[in-house]
Amino acid sequence: MPLIETNDLCQRYDGRHILRNINLSIEAGEVLALIGPTGAGKTTLLRLLALLDTPTSGAIFFDGANVAGSPRFRLEMRRRMAFVLQKPMAFNASVYDNVASGLRWRGLGRAEVRDQVERVLEMIGLSADRNRNARTLSGGEMQRVAIARAIALDPEVLLLDEPTANLDPVSARRTEELLAAVIRQRSATVILSTHDLAQGQRLADRIGVLINGEIPQIGTSRDIFVSPGSREVAEFVGVENILDGTVLSSAEDVVTVDIGGGLIEAVSDVAVGQRVSVCVRPENVTLALSRLSSSARNSFTGKVTWLSSAGPLARVHVDCGFPLVALVTRRSAADLDLHIGRQVYVTFKASATHVIRTERDS
Amino acid sequence: MTEIWQGLVRAIELIVTLDAEVIEITWRSLTISVIATVLASVLCLPLGALVHFRRFRGKRLLISLVQTLYSVPTVVIGLLVFILLSRSGPLGGLNLLFTPAAMVVGQVVLIIPILLGLTISALSSVDRTIADTARSLGASGPQTAVLVLTEARFAVTAAVIMAFGRAISEVGIAIMVGGNIRGFTRVLTTAISLETSRGDVELSMALGLILLLIALAVNLTLNRIQR
Ligand SMILES: Nc1ncnc2c1ncn2[C@@H]1O[C@H](COP(=O)(O)OP(=O)(O)OP(=O)(O)O)[C@@H](O)[C@H]1O
Ligand SMILES: [Mg+2]
């Protein structure tokens, strides 16, 4: 039985649908990352799961029990979880008292509270600041205290809303390391939201993509990144080449797609006449100065229209009758003497594509 | 002019020599108003939290009604309490009229609006996220209320001190339901008004000075808190 289950969860504010038919099933001990653009409804969903708000419709089951019970029952359920809000807010009290607050509310004894708080302060590296007023902490320190406040409770479920947003890269990395350690050490079920895809991949077992109040896809990070289930997911997970077209013919698992500016061969079993989007990751696109006699099915000539750097790589925009982006090493960009207007040969394998069925044009 | 000076000197003499009557009246004033303030606080802090955290119809209206009552004339409350406590009134059986207890009741009624209104606005000045954070860490409703009150502690203390200032400086209720009985219900304000009309300006001035000192102490404390 899943530890947390939601059933057609909907949330509306002022008549606006913020969440629509969310059906989640989370196993005990699992780490789930909710990724999605800003305004997608991540905070709204986490607030519902943390029992801070009640949904417009739908139900949440925690450990098999519907949580839409009496306030007393909801409090009891809430005490099995801990939620770190998106905006960490210090209580106007010492760091020690901040971390101790949840334990005291649960009626733990003095000694127990002290042991637990000291242990957690040690873990987040703020033992020396225990008597400082938490309002005087920096943003990064406060975020760690907020996490400490939650993990001090040893919750069965730990909910984290964008734990590293609004932090500088160094604090963000420290906070993420802390979270990774927490996840490793404990058997807690963790649900975190982030708009940092890479962070989701690093921390989570499973990723749920939340776009416009819906979860179009949920799965392992491999599933999501290699075979996004919809055009929106593909866009969000950073597939730069999404080519819309119609399947012209199909033979032995390879389809030919007419994308207007050209024909593309892709591994897929969709039917002829189907509208599709063909995804090609830019790192799978190869550039050369002469036509390569490779097994790659897709080969085009094009002109470089734009070059930009992406860390150790160069992002090359090529016009081959349709726009295509390729990622190459800076080294090979130099070897190929790439510059705007340069003619190049572009190839990618039919197996390096991913085909998504799209609705008929409306 | 010399009369005033002589009066003032006599008044200061009365204070520094710890004149028995001056001390007694001051002590009674402080006791009655402190008790009234404590009782009103015990009532208004939880009530304020309830109004703040609960959502109900007419909440806005209630709050503006409470705010309107900040400046209700003391004689109106005096009259109300008088009617309630008079022999034929609904609470006449308690025989409280013209006792210090009646004055406490009157002052409690007088300062409830201020204390309630200022408690509610103190609570609303606390970021909503504080209450959410508390609940997300497993605080119950009352525990959340206590936390938010603690977060607003300066504003809440200021409200209590202001209420005390209003209680100790009012005269209408003290006269009407206390009766200014010497050695029993006579307090600073009633003594001042009576002694002045009887021509004992020296005692009035001494008591007036003390009242001023108390007001000064209240204001200094408020300033310290609000800084
Ligand atoms: N209490 C509310 N009343 C009205 N609208 C709300 C409320 N809370 C959230 N919304 C709206 O719901 C939408 C989703 O908000 P939410 O905070 O859940 O997004 P999010 O995915 O967490 O975004 P971000 O990444 O910026 O934190 C937004 O358009 C927001 O304006
Ligand atoms: Mg959010």
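Tally time: how many residues in the range A:282-340 are of a type in the set (F, W, Y) and in a strand (DSSP E or B)?
Result for the range A:282-340: 2.
Here are the criteria: (1) open to solvent by less than 20 Å² (accessible area, probe 1.4 Å); (2) within 10 Å of chain A (Cβ to nearest Cβ); (3) within 25 Å of A:T54 (Cα to Cα). Tell me which single one B:A145 does not satisfy.
Failing condition for B:A145: (2).
Identify, from the list A:I26, A:I22, the residue that is within 13 Å of ligand 1 (Cβ to nearest atom), away from chain B (no Cβ under 14 Å) and among the hydrophobic types (A, V, I, L, M, F, W, C).
Checking each option against the conditions leaves just A:I22.
Could you list all residues from the range B:165-190 that are of a type outside the set (V, I, T), closer than 14 Å to B:I25 by Cα and free of Cβ contacts under 8 Å to residues at least 60 places away in the same chain?
Those that are of a type outside the set (V, I, T), closer than 14 Å to B:I25 by Cα and free of Cβ contacts under 8 Å to residues at least 60 places away in the same chain: B:S169, B:N180, B:R182.
Show the residue pairs meeting these rules: Cβ distance below 6 Å; 6+ apart or different chains; first residue within the range B:34-45 and in a helix (DSSP H, G or I); second residue hydroxyl-bearing (S, T, Y).
Matching pairs, first to second residue: B:C44/B:T119; B:L45/B:T119.
Which residues, taken from the range A:86-96, are open to solvent by 20 Å² or more (accessible area, probe 1.4 Å), within 10 Å of another protein chain (Cβ to nearest Cβ) and not small (G, A, S)?
A:Q86, A:K87, A:P88, A:M89, A:N92
Could you go through the range A:61-82 and let me know if any residue there is in contact (Cβ under 8 Å) with a residue 24 or more places away in the chain, within 24 Å of the chain's Cα centre (by Cα), within 11 Å of chain B (Cβ to nearest Cβ) and surrounded by fewer than 21 Cβ atoms within 10 Å (Cβ to Cβ).
no
For every residue, the table says whether it meets (1) surrounded by fewer than 22 Cβ atoms within 10 Å (Cβ to Cβ); (2) among the aliphatic types (A, V, I, L, M); (3) away from ligand 1 (no atom under 16 Å from the Cβ).
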| residue | (1), (2), (3) |
| --- | --- |
| A:S101 | no, no, yes |
| A:R104 | yes, no, yes |
| A:G109 | yes, no, yes |
| A:E118 | yes, no, yes |
| A:I147 | no, yes, yes |
| A:I151 | no, yes, yes |
| A:A165 | yes, yes, no |
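Among the residues of the range A:124-161, what is the count of those that are under 17 Å from A:S101 (Cα atoms) and within 16 Å of ligand 2 (Cβ to nearest atom)?
2
For the range A:34-47, does any single residue satisfy the condition of being touching a strand residue (DSSP E or B) at 6+ places or on another chain (Cβ under 8 Å) and more than 15 Å from ligand 1 (Cβ to nearest atom)?
So far as the range A:34-47 goes, no, none of its residues is touching a strand residue (DSSP E or B) at 6+ places or on another chain (Cβ under 8 Å) and more than 15 Å from ligand 1 (Cβ to nearest atom).
Here is a yes/no grid of residues against (1) closer than 25 Å to A:L108 by Cβ; (2) among the small types (G, A, S); (3) free of Cβ contacts under 8 Å to residues at least 40 places away in the same chain:
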| site | (1), (2), (3) |
| --- | --- |
| B:A101 | no, yes, yes |
| B:P113 | no, no, no |
| B:G117 | no, yes, no |
| B:S125 | no, yes, yes |
| B:R128 | no, no, yes |
| B:D132 | yes, no, yes |
| B:G138 | yes, yes, yes |
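Do we find that A:L52 is within 16 Å of ligand 1 (Cβ to nearest atom), under 28 Å from A:I211 (Cα atoms) and within 9 Å of chain B (Cβ to nearest Cβ) in this structure?
Yes; evaluated as a whole, the condition is true for this residue.
For residues that are within 12 Å of chain A (Cβ to nearest Cβ), assigned to a helix (DSSP H, G or I) and in contact with a Lys or Arg (Cβ under 9 Å, 6 or more places away or on another chain), tally how many sit in the range B:116-142.
Qualifying residue count for the region: 6.
For the range A:150-159, state whether one or more residues are among the small types (G, A, S) and within 12 Å of another protein chain (Cβ to nearest Cβ).
Yes, the range A:150-159 contains at least one residue that is among the small types (G, A, S) and within 12 Å of another protein chain (Cβ to nearest Cβ).
On the given criteria, is A:L48 within 16 Å of ligand 2 (Cβ to nearest atom), open to solvent by less than 10 Å² (accessible area, probe 1.4 Å) and touching a Leu at 6+ places or on another chain (Cβ under 7 Å)?
When the stated conditions are applied, A:L48 passes them.
Output the number of the condition that A:L210 fails; it satisfies all remaining conditions of (1) surrounded by fewer than 21 Cβ atoms within 10 Å (Cβ to Cβ); (2) within 21 Å of A:L9 (Cβ to Cβ); (3) within 14 Å of the chain's Cα centre (by Cα).
That leaves (1) as the condition not met.
The values are calculated or read from the model by the stated rules, or taken from the named source; none is laboratory data. Please read these numbers as outputs of a predicted model, since none were measured by experiment. Note that each Cβ is placed from the backbone with ideal geometry, even for glycine, and that neighbours are counted across all protein chains shown. Surface areas here come from the heavy atoms of the whole protein model, side chains and all, with no ligands, DNA or RNA. Shrake-Rupley method; radii C 1.70, N 1.55, O 1.52, S 1.80 Å.
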